[in-house]
1. Identify, please: which residue in the range 55-76 is surrounded by 12 or more Cβ atoms within 10 Å (Cβ to Cβ) and among the charged types (D, E, K, R) and is, among those, farthest from Glu33 (Cα to Cα)?
2. Which residue, of Ser45, Ser54, Ser72, Ser65, is more than 22 Å from Gly17 (Cβ to Cβ), within 15 Å of the chain's Cα centre (by Cα) and polar (S, T, N, Q)?
3. How many of the residues making up the range 25-44 are surrounded by 18 or more Cβ atoms within 10 Å (Cβ to Cβ) and under 15 Å from Trp69 (Cβ atoms)?
4. Kindly list, by first and then second residue, each pair from a residue in the range 31-42 that is of a type in the set (Lys, Arg) and modelled with pLDDT of 90 or more to a residue that is part of a strand (DSSP E or B) and surrounded by 14 or more Cβ atoms within 10 Å (Cβ to Cβ), limited to pairs with Cβ atoms under 6 Å and residues at least 6 apart or on different chains.
Amino acid sequence: MPQTQSIATGEYENYTGVWRSYFENGNLAYRGEFVYGKQVGKHVSWRDNGVKMSERVYKDGAIVSMVEWDESGKLK
């Protein structure tokens, strides 16, 4: 699995803001928003080749919907 780097540092526990992680090749690996450590809104993960892997919507830290794609970009 390719390495990722986060642009935000620290613990999710009390984090508020948008968290982004990138693959070594510079492609975005993950983007999601946190409020006091709880996931809120849309969180998206990508594969290192840029193909979207999953999209989850959170409310107060709980998943309310989820969509996943396979390696070729087709919906699962």
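The values are calculated or read from the model by the stated rules, or taken from the named source; none is laboratory data. Because the structure is a prediction, the values reported are computed rather than measured. A quick note on method: Cβ atoms are made from the backbone with ideal geometry, for glycine too, and the neighbour counts reach across all protein chains shown.
1. Restricting to residues being surrounded by 12 or more Cβ atoms within 10 Å (Cβ to Cβ) and among the charged types (D, E, K, R), the top hit is Glu68.
2. Ser65
3. Total satisfying the criteria: 2.
4. Listed by first residue and then by second, the contacts come to Arg31/Arg20; Arg31/Val44; Lys42/Val57.
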